[in-house]
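J.: Structure in structure tokens, see below.
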Amino acid sequence: MPLIYIVEDDINIREIERYALKNSGFSVEEFECGKDFFRAVDKKVPSLVLLDIMLPDEDGLDILTNLRKHHAAGKVPVIMVTAKTTEIDKVRGLDMGADDYMTKPFGVMELISRVKALLRRTENIEEDTLLTCSGIMMDTERHMVKVNGNICELTFKEFELLKYLMINEGIVLSRDKIMNQVWGFEYEGESRTVDMHIKTLRQKLGDGGAVIKTIRNVGYLIE
């Protein structure tokens with residue numbers, strides 16, 4: 001039975017989330033603050049985390065950043081739950097390592113659907129830990145990228161975007177496919193988000209960025 005950790009200080013929202021998840025067959029533990037959450041993570045790593053941004057002791061984005069640095073739980077899928085609705089808020093959360101984003105108020109069916117979809121994408125994924133393409137080398141286990149032997153610093157989402165392209169070397173990937181795989185949900189302005197990240201990724205890769213090709217009116221590929 002998948003274990004879901006809820007980090008939410010609003011008791012009413014927390015009760016709705018707990019009730020919906022338990023009725024759908026999930027095991028649930030609840031936390032009002034980051035301190036209690038990390039104490040639990042140190043004892044047992046969950047299958048997924050529902051994380052609110054506005055919390056009393058520590059901002060949810062800070063919790064997310066610290067979680068991604070956590071050796072044991074660094075790869076746990078996270079759905080941000082917040083009242084913030086602007087595109088820049090979403091992009092910021094996703095860039096910092098969130099896998100999906102829900103805005104309040106939300107429906108119970110949407111919550112369960114997103115949780116199940118994210119778990120399907122992240123469960124039992126087997127992948128090579130070392131990917132190479134031209135002068136680019138990616139170590140997925142160490143979360144490290146080198147271009148012609150030099151370390152290239154990438155954000156979490158830039159890393160995931162490059163990994164998806166490299167895994168599918170030679171295959172044209174549409175913006176929709178990239179968005180669904182790397183960000184896990186759709187929202188207005190998604191094409192601009194993908195294009196923006198491709199642009200910054202190319203810049204950071206330097207000469208290596210030339211392997212990312214634009215397929216007009218379709219998407220991108222690495223060759």
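J.: Among residues belonging to the stretch 19-43 that are of a type in the set (D, E, K, R) and open to solvent by less than 70 Å² (accessible area, probe 1.4 Å), point out the one that is farthest from residue 105 (Cα to Cα).
T.: 36
J.: What about residue 15, is it open to solvent by 10 Å² or more (accessible area, probe 1.4 Å) and in a strand (DSSP E or B)?
T.: Taking the combined requirement at face value, the residue does not satisfy it.
J.: Tally the residues that are closer than 22 Å to residue 164 by Cβ, open to solvent by less than 60 Å² (accessible area, probe 1.4 Å) and either at pLDDT below 80 or of a type outside the set (A, V, I, L, M) (or both), restricting the search to the stretch 98-133.
T.: 6
J.: Does the stretch 186-198 hold any residues that are open to solvent by 10 Å² or more (accessible area, probe 1.4 Å) and at pLDDT below 85, and which are they?
T.: 186, 187, 188, 189, 190, 191, 192
J.: Taking the criterion of being open to solvent by 30 Å² or more (accessible area, probe 1.4 Å), more than 20 Å from residue 223 (Cβ to Cβ) and of a type outside the set (D, E, K, R), would at least one residue in the stretch 134-141 satisfy it?
T.: No: zero hits.
J.: Right, something else. Restricting to the stretch 28-59, name every residue that is farther than 16 Å from residue 78 by Cα and free of Cβ contacts under 8 Å to residues at least 40 places away in the same chain.
T.: 32, 35, 36, 39, 42, 43, 57, 58
J.: Restricting attention to the stretch 44-60, report how many residues are modelled with pLDDT of 85 or more and either open to solvent by less than 50 Å² (accessible area, probe 1.4 Å) or assigned to a helix (DSSP H, G or I) (or both).
T.: So the count comes out to 9.
J.: Report, ordered by the first and then the second residue, all pairs with beta carbons closer than 9 Å, sequence separation of six or more or different chains, a first member in the stretch 12-27 that is within 11 Å of residue 50 (Cβ to Cβ), and a second member that is loosely packed, with under 12 Cβ neighbours inside 10 Å and among the acidic types (Asp, Glu).
T.: Listed pairs, sorted by first residue: none to list.
J.: Being at pLDDT 85 or above and outside any helix (DSSP H, G or I) is the filter here; which residues of the stretch 61-97 pass it?
T.: Residues of the stretch 61-97 at pLDDT 85 or above: 61-68, 76-81.
If the condition is that a residue be at pLDDT 85 or above and outside any helix (DSSP H, G or I), then 76, 77, 78, 79, 80, 81 are the ones that fit.
J.: Among the residues of the stretch 149-165, what is the count of those that are open to solvent by 30 Å² or more (accessible area, probe 1.4 Å) and under 12 Å from residue 205 (Cα atoms)?
T.: 5
The values are calculated or read from the model by the stated rules, or taken from the named source; none is laboratory data. Computed from a predicted model, the values in this text were never measured in an experiment. Note that each Cβ is placed from the backbone with ideal geometry, even for glycine, and that neighbours are counted across all protein chains shown. Accessible surface areas use protein heavy atoms only, side chains included; no ligands, DNA or RNA. Shrake-Rupley method; radii C 1.70, N 1.55, O 1.52, S 1.80 Å.
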